[in-house]
1. DSSP loop (so not H, G, I, E, B), at most 13 other Cβ within 10 Å: list which GluC sites (Glu not before Pro) in segment 364-436 pass both filters.
2. Quick check: pseudo-label points 7 Å beyond the Cα along Cα→Cβ at Lys402 and Gln382, how many nm apart are they?
3. Heavy atoms only, probe 1.4 Å: what % of the accessible area of the chain goes to carbon and sulfur, would you let me know?
4. Please calculate how many Å² of accessible area the chain carries per residue, with a 1.4 Å probe and no DNA, RNA or ligand atoms counted.
5. Between the helical axis of 83-95 and the dominant principal axis of the chain, each derived from Cα atoms, what acute angle in degrees is found, rounded to the nearest 10?
6. Can you divide the C-alpha Rg of segment 257-377 by 2.2 N^0.38 Å and report the result to two decimal places?
7. GNM, the chain, Cα, under 10 Å: largest mean-square fluctuation among Thr337, Thr386, Thr287?
8. What full-extension length gain, to one decimal in nm, is calculated for Ile98 and Asp292 as 0.36 nm per residue of separation minus the Cα-Cα distance?
Amino acid sequence: MNKYEVAMAVTVIVGAQWGDEGKGKIVDLLSKDADVVARYQGGANAGHTIVLEGKKYILHLIPSGILHSQAICVIGNGVVIDPVVLLDEIELLQSKGIGITGRLLISHRAHVIMPYHKLFDQAQEDCSIETKIGTTGRGIGPAYVDKLNRTGIRVVDLLDEDILRNKIRLNLQQKNEILEKIYNKEQLDIEAITRQYLTFDKKMDEYITDVSIYMNEAIRTQKKILIEGAQGTLLDIDFGTYPYVTSSNPTSGGACVGLGIGPTQINRVVGIQKAYTTRVGGGPFPTEFSDDMAVQMRELGEEFGATTGRPRRCGWFDAVIARYAVRINGLNCLALTKLDVLDTLKEIKICVAYRYGKKRIENFPAELKVLQQSQPEYITLQGWNTSTKHIKTFDALPANAKRYIETIESIVEIPICIISVGPDREQTIMRDVFNL
């Protein structure tokens, strides 16, 4: 057994930048050996793009492992579920001949996104003057607000018509007033929403279960389990670039509370990072490119959001972020994606520290002002100026590409165990063996 190979049963996959790192491909790739693939937080604001035999699949709620017939896919209680999106995905997958029956499980404790959540999300972002977060407008934040405010509606509430109607009525007593008097929106109808969500329940009922019981039994019987997060470490509500963050915990700790398993059950955590850095929406971005370079990289990497289609902001690889992600998540190794996007660049930079005034910063700061005003300190490496898209082994990579990877490893101090050189499953280098 070498330093890259560890025999384990429960692996957590986390985004180690600002999301959009290519988690969908890596989860899909590793799912071929998994018995269970589980999602633990976020909602339809996530978009995992998978390319299989030239066909592109974009999933927002259902775990990427659904494309592998042996995998049971689980949506945990930490996820906020939009029934419209969920049922559309089920229909799409079934139309492609991908079986869902008996393979999809939904936690009865998961909270449900309601129509008023979407209206509030969009209205609040439109009215924000100083701090536009860059929300997707899909109701994620307001749904989590209701969850913490103890007024949320859970999947289990859909099973009882009286309970559901009463909860909707209590919510709309307040929310209709705000929608009408503050945001100039029409009031929502209690009965119409109740009927709609009772219809959703009938279509979702066969998938609903106690996910915590299922997950712990799967662990007890030594199933191979892959747990996937949405978004990324720097969007974590506690550890991200607050307030430019999501409304949940994409970091590895979120896997426990989002699925109902104990921390001692997790054996390995893999962080996904691009070979450069991107983010969507507002917020500080120390290594962000100038406009011309951003346009070039956006075109080379097809950097447009899978959920929103928005152009992503692009910058050089940030090792300060990488070290932070290693510490916060307890990462065992990294998967480096989109190495091939750098194939044509003459020089490639890595940010190793920030400069804030006369101060050199090596650890990721919490202060927004410091991040906004910091200047990146770079080292510069020579590019390799040849395609890596066809390469299957680390040894076959160009010397300068290997040097780039080894430099990141030495700075971050964990191995890079997976290297992606293209969007397809087959365009992946495994170092040396990566077993679930």
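The values are calculated or read from the model by the stated rules, or taken from the named source; none is laboratory data. Please read these numbers as outputs of a predicted model, since none were measured by experiment. Cβ sites come from the backbone with ideal geometry, for glycine too, and all protein chains shown count toward neighbours. When the accessible area is computed, the model is the full protein with side chains, heavy atoms only, and any ligands, DNA or RNA have been set aside. Shrake-Rupley method; radii C 1.70, N 1.55, O 1.52, S 1.80 Å.
1. Glu367, Glu413, Glu426
2. Distance between the two pseudo-spin positions: 1.5 nm.
3. 49
4. Numbers: 18360 Å² over 436 residues.
On a per-residue basis, 42 Å².
5. 70
6. On the way: Rg = 16.0 Å, N = 121, 2.2 N^0.38 = 13.6 Å.
The reported ratio for this selection is 1.18.
7. Per the Cα network of the chain with a 10 Å cutoff, Thr386 tops the list.
8. On the way: separation 194, 0.36 × 194 = 69.84 nm, distance 4.20 nm.
The span from Ile98 to Asp292 would gain 65.6 nm if fully extended.
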